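I have placed the structure first, in the form of structure tokens, so that the comments after it can refer back to it.
The values are calculated or read from the model by the stated rules, or taken from the named source; none is laboratory data. From a predicted model like this one, the values you see are computed outputs, not experimental measurements. Ideal geometry is used to build each Cβ from the backbone, glycine not excepted, and the neighbour counts take in all protein chains shown. For accessibility, only protein heavy atoms count, side chains too; no ligands or nucleic acids. Shrake-Rupley method; radii C 1.70, N 1.55, O 1.52, S 1.80 Å.
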Amino acid sequence: MSQTEEFVLRMKGISKEYYGTKVLKGIDLEIRPGEVHGIVGENGAGKSTLMNILFGMTVIHSTGGYQGEIEIAGAKADIKSPFDAMKLGIGMVHQEFMLIPGYTITENIKLNRETTKDNPVSRVFGPKLKTLDMASMGRDARKALDHLEMGIDEWARVAGLPVGHMQFIEIAREIDKSNIKLLVFDEPTAVLAESEADNLLAAVRKLSASGIAILFITHRLHEIMAVCDGITVLRDGSLVAHKRREETTIEELARLMVGRSIGDMIRNPAKSLPDRNALEIRNLRVQMPGEAAKGVDLDVKDGEILGIGGLAGQGKIGIANGILGLYPAEGEVRFHGEPLPLNSTREALKRGLAFLSEDRRGVGLLLDMSVEMNIAATAVEIQGKFLRRFGPFSQIDGKAVRAHALETIKALDIRCTGPLQPVRRLSGGNQQKVCIAKALVLGPRLLFVSEPTRGIDIGAKRLVLETLVDLKERLGMTIVITSSELAELRSVCDRIAIVHDGRIAGILNPDDDDAEFGLMMAGDYGKR
Amino acid sequence: MENANATPFARALRGIGAGLRSFGAPRIIIIVFLVSLWITSTLLKIPFPAVLSDSLVRLGMNAVLTLAMLPSILSGTSLYFGLPLGIICGLLGGVMSIELDLRGFEAFFGAVAMSLPLAVLVGWGYGWLLNRVKGSEMTVGTYIGFGFVSLMSFGWVTLPFHHPEMAWAIGKGIRVTISLEGRFSGVLNNLWSFDILGVRVPTGALAFSALCCLLVWLFFRSRSGLAMKSAGMSPKFAEASGINVNRMRIRGTILSTVLGAVGILVYSQGFGFLQLYQAPMYMGFIAAASILIGGATLKTGRISHVIIGTFLFHSILVVALPVANTVSQLGSLAEISRSVVSNGIILYALAQKGGAE
Ligand SMILES: Nc1ncnc2c1ncn2[C@@H]1O[C@H](COP(=O)(O)OP(=O)(O)OP(=O)(O)O)[C@@H](O)[C@H]1O
Ligand SMILES: [Mg+2]
């Protein structure tokens, strides 16, 4: 007995089938108290599925359950719902947020675990009628937020906050639980800028020092090397290896994940840029909650890849969203010399701009529609592509849609059962590829991409970045990449603009010094 | 446990299980209920061909009304509880066609043609209103439907219709029920109808319903149809694709209203009467229950859900009545059992949120 009780969690021979496809094949996993255990694998390898099983998510049980055994603290556990999991002391920070937008941060953190006070009624009729102790709930929430070094107001509403903040609120909610033994992080850092990710990693270390075991999923292998004690590698639903951190390297992990070795990060062949501007932005102000642009002046040269970097909440996300008319914007924008009307998505798309949103499940996809229709829908609407016309009537040309989808699925290596699969059932990274396909089919002259590689594995990331460079090289497309990952911007961009406090703090070259980037992001550039 | 070495038999069983699951438990329960009613009715010596004939007639009469739910669901305004609005437009068309003394097909299609502009107008206004109350469309829709029915109760009294077939013998206004005998009663039901094994098939009505379904199906495969569906599925996605979400919701509501108007005319020609005043009040619920039973949800639906649902719902009503009457001799039972069964199914359908795959 004592031998098994060493482990907080043991999973034995876990298998799972979704609609006849095996997505997990006999996975074993063991974690000790206070251990930080990393799980790595390509998009669709089954990481989230394994965690969903552990957390008793309904997707698992409504699709026929799973096979295998789970032991929590030495006792066999039958986890049928997230509620069971919580009772066993398991917490989970999901890859896709599970927050209620209309509630305040405190309410979200405390949902279903409200702190209550006695009142005269509850003394008579029982604990269900106790008054909510808002003040103490607020204090708890504050504590959890402070733990993460997050300065945001605990009474702010969640609706409209930038994704980066939502992620931290999810984490705060889990940290706040008192009986927590095991905490699962499914790609917690995917939405964070590097400095915020560092905060998070620090918090992870603190938590594990207090005896909480942590399961950590990420596509950023250096984070794995930074915090994990043990590492499990999955490939196509199978267990490939268990490793200790000391006995492995990033390169080895990458090779194990993909089953072949991955070359270096790609480089954007530097070229002298023409002096023509594709886009001229003057005094752009965008009312995007949490990511407001407050007077951006920026020129984008024709045919370049321009990066926009900066910390979360500084407004880098707001720029593209404002120009594409997704959030109210003011200011002056000229596209190839012609004034671009703001606040009209349709106009922007018609004139040859396209946008890959950072909010892929909300803005980017029609989750219940097929892969092929997701790719085609915007082009049908804006350009009348994929249509057969009969006088004033039109019909969608199913054959053309299918042919194009098949081609794209191959070109971008989208892992799906076919063009008819609803995108909801794709893994996170493959959903991102569908978003890319959707933007490319418009054949835009200028492409805005926000967080293009968020949540996608190193192989796919390479593919996405290569695709972007290729679009620039072959088609002369102008590309503006907004990203929290500086390393990624530096590998593919011609120039990198850094946003601070809603304005452009400056423009750097990709091979400028790290310190320059750091200073500029913190708003201290030129103050030396 | 059982995996790779599962026998083909076990695998086949599992396949059937999955198939049934994807068909949806509510539908299976309703089908079992219907079949058991059918069996009971045969045991009670109620002629089955007659029951089936009635079911087909009801299907033809109600399919278009159920179909009216679909554009609303798909464009994102949820179930079309404003159906009485469309129905009243249709009834106005019917009344005008009598006022103009039209007969036969001319009367039917004349009524349709005259109700269309009304329906477009009313649908536009109603859609505009729904855009103002996003999130509570169903509640607001229900009240507006009821309100409009009540308002039109005055309308029927005051509008200048004078044709002797409709007017009260004394006083102002038109009658509660207007016979369509010699007007357009049965124009579709009797068209190309034939008997087979004692079952009467109302070919014309079924064909007309099928035509309406086909048109709606084609519409949703067109550019505007796709835009409407996108707006309904994800307003954020639609906006990012340059689609005007509010406009799509209005168009969906107009389409539903138009189908409601056409639907009530199809219904009336089968029924043989125009029913005015309070009659349209609860028809929205019946249509809503039908499409839900067919497998639609508040956010998704298909033509097949319309057809399956209409057939199941109305078949149960058709057979439940004679069965109840035979079992008990109480005269008033017919009406009671009718409302118990129909309201029961409506409640059940609304309670079953999950539709078919
Ligand atoms: N609800 C679902 N229905 C059907 N198949 C699903 C569902 N969710 C996931 N899958 C499939 O299961 C496999 C594993 O997906 P999972 O989400 O676990 O991948 P992942 O390792 O988390 O990938 P990513 O890094 O992209 O998040 C994929 O092939 C995916 O298509
Ligand atoms: Mg995942």
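Some points to look at:
- Positive-pole candidate from A:HIS37, A:PRO82, A:SER62, dipole of segment A:1-87, charges at beta carbon: A:SER62
- Distance between the pseudo-spin-label points of A:LYS294 and B:LEU43 (7 Å out from Cα toward the beta carbon): 7.9 nm.
- Segment A:ASP28-A:LEU475, length gained on full extension (0.36 nm per residue, minus Cα span): 156.2 nm
- By DSSP, the beta bridges lying fully in chain A are antiparallel in about 60 percent of cases.
- Derived scalar couplings between HN and Hα for segment A:371-385 equal 4, 5, 6, 4, 5, 8, 3, 5, 5, 4, 5, 7, 10, x, 6 Hz in order, rounded to whole Hz, by the Karplus curve 6.51 cos²θ - 1.76 cosθ + 1.60 (θ = phi - 60°), x for Gly and Pro.
- Phi-based couplings in Hz for segment B:307-319 (Karplus 6.51, -1.76, 1.60; Gly and Pro marked x): 6, 4, x, 4, 4, 4, 4, 6, 5, 5, 4, 4, 8
- Most to least packed among A:362-373, B:180-191, B:82-93, A:16-27 [average Cβ atoms within 10 Å]: B:82-93, A:362-373, B:180-191, A:16-27
- Built amide H within the under 5 Å cut-off of A:GLY38, gap 5+: A:PHE216, A:ASP229, A:GLY230, A:ILE231, A:THR232
- Charge context of B:ALA50, other residues only, Cβ under 15 angstrom, K/R +1, D/E -1: +1
- The accessible surface of chain B, taken with every protein chain in place and a 1.4 Å probe, is 70 percent carbon and sulfur.
- Förster radius 60 Å - calculated FRET efficiency between B:ILE336 and A:MET225, Cβ distance, rounded to 0.05: 0.20
- Packing here is the average count of other Cβ atoms within 10 Å per residue, and on that basis the peptides A:456-469, B:61-74, A:425-438, highest first, run B:61-74, A:425-438, A:456-469.
- Chain B: most fluctuating residue of B:SER339, B:SER179, B:SER53 per GNM, C-alpha cutoff 10 Å: B:SER339
- Coil-residue chymotrypsin sites (Phe, Trp or Tyr not before Pro) of segment B:187-235, DSSP, other Cβ within 10 Å capped at 15: B:TRP192
- The packing ranking, built from the mean of other Cβ atoms within 10 Å per residue, places the peptides A:135-145, A:495-505, A:238-248 in the order A:495-505, A:135-145, A:238-248, highest first.
- Paramagnetic reach from B:TRP168 (point 7 Å along Cα→Cβ, amide N under 18 Å) across segment B:268-286: B:275-279
- Peptide A:353-359 has a mean of 1 when you count, residue by residue, the C-beta atoms of other protein chains within 10 Å of its C-beta.
- Look at the stretch A:13-21: the mean tally of other chain Cβ atoms within 10 Å of its residues' Cβ atoms is 1.
- Top of B:LEU226, B:LEU317, B:LEU159 by mean-square fluctuation, Gaussian network on chain B, Cα under 10 Å: B:LEU159
- For A:ASP299, the residues whose amide H sits under 5 Å from its own are A:ILE281, ignoring neighbours fewer than 5 places away on the same chain, with H placed 1.01 Å from N.
- B:MET281/A:ASP133 FRET efficiency (R0 41 Å; Cβ-Cβ; nearest 0.05): 0.30
- Among residues other than A:ASP299 with Cβ under 13 Å from its Cβ, the summed charge is -2 (Lys and Arg +1, Asp and Glu -1).
- Inter-chain Cβ neighbour count for A:319-331, averaged per residue, equals 1 (cutoff 10 Å, partner chain atoms only).
- Interface area, A with B, accessible, probe 1.4 Å, both sides summed, Å² nearest 100: 2200
- Förster-model FRET efficiency, 35 Å R0, A:PHE83 and B:SER304, C-beta, rounded to 0.05: 0.45
- Minimum 50 Å² accessible area buried by the other protein chains, segment A:370-387 residues, probe 1.4 Å, relative to alone: A:GLU381
- Gain upon complete extension [A:LYS12, A:ILE152; 0.36 nm per residue less C-alpha separation]: 46.3 nm
- Taken about its Cα centre, the protein assembly as shown carries a charge dipole of about 2240 debye when Lys and Arg each add +1 at the Cβ and Asp and Glu each add -1 at the Cβ.
- Helix A:134-147 and the longest principal axis of the C-alpha atoms of chain A enclose an angle of approximately 70°.
- Positive dipole terminus of segment B:24-352, leading residue within B:SER290, B:GLY198, B:TRP38 (C-beta point charges): B:SER290
- Looking at the protein assembly as shown, the accessible area is 42 square angstrom per residue; that uses a 1.4 Å probe and ignores ligands, DNA and RNA.
- Between A:LEU406 and A:ARG424, the contour length at 0.36 nm per residue exceeds the Cα-Cα span by 4.6 nm.
- Sum of side-chain charges, A:ILE217 neighbourhood, beta-carbon under 9 Å (Lys, Arg +1; Asp, Glu -1): -1
- Charged-residue dipole, Cβ positions (Lys, Arg, Asp, Glu), chain A about Cα centre, Debye nearest 20: 1500
- Integer Hz, Karplus 6.51/-1.76/1.60 couplings in order for segment A:226-233, x for Gly and Pro: 7, 10, 7, 8, x, 9, 10, 10
- Accessible surface of chain A [probe 1.4 Å, protein heavy atoms]: carbon and sulfur percent: 51
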